[in-house]
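Worksheet: the structure to be examined is printed underneath.
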Amino acid sequence: MDCIFCKIVAGQIPSEVVYTDDRVIAFRDINPMAPVHLLIIPREHIISLNDITERETPLVGHMVQIAKQLAKQQGIATKGYRVVINCGPQGGQVVQHLHMHLLGGRELSGGLG
């Protein structure tokens, strides 16, 4: 498989891992858009939210819980943070492997409310 995130999961591409378990891995984004910019990805190759079935629903919930835990660890939980999942080309998804962005550490503009 030619998926960069699958290669990170397999240890073929180095990354600054901040969390790992049997279902997900979280690491620092190499092109951060905020002082804290982590990516949380499933170990299993799932292309996008469009490919989530009922079987994977608990996995997405687990990703959210890990984002919350990492926000606390990174010291951004109190002041606030953003969790984003891009889906498809017009949604800004660049890597075709489901991933969640955790951003914080500064005022984030362009909020939706």
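Between helix 57-73 and the chain there is an angle of about 40 degrees, using the helix long axis and the longest principal axis of the Cα atoms. Per-peptide packing, taken as the mean over residues of other Cβ atoms within 10 Å, places 5-17, 46-58, 62-74 in the sequence 62-74, 5-17, 46-58 from highest down. Shown for the chain: cysteine residues without a partner Cβ closer than 4.7 Å, namely CYS87. Calculate the translational D of the chain in whole µm² s⁻¹ from Stokes-Einstein, where the hydrodynamic radius comes from the Kirkwood formula applied to all Cα pairs, the temperature is 20 °C and the viscosity 1.002 mPa s. For the chosen part, D equals 148 µm²/s.
Give the order of ASP29, ASP2 when sorted by the count of other beta carbons within 10 angstrom, beginning with the fewest.
Going from sparsest to densest Cβ surroundings: ASP2, ASP29.
Kirkwood hydrodynamic radius of the range 14-61, from the reciprocal of the average inverse Cα-Cα distance over all distinct pairs: 12.0 Å. In the chain, the calculated helix contribution to ellipticity at 222 nm averages -6000 deg cm²/dmol per residue, counting -39,500 (n - 2.57) for every DSSP H run with n ≥ 4.
Let's test the formula: R0 of 22 Å, r as the Cβ-Cβ distance of LYS68 and ASP2. What FRET efficiency results, to the nearest 0.05?
0.10
Throughout, read-outs are computed from the coordinates displayed, never taken from laboratory work. None of these values were measured; they are calculated from a predicted model. Positions of Cβ are backbone-derived with ideal geometry, glycine not excepted, and every protein chain shown enters the neighbour counts.
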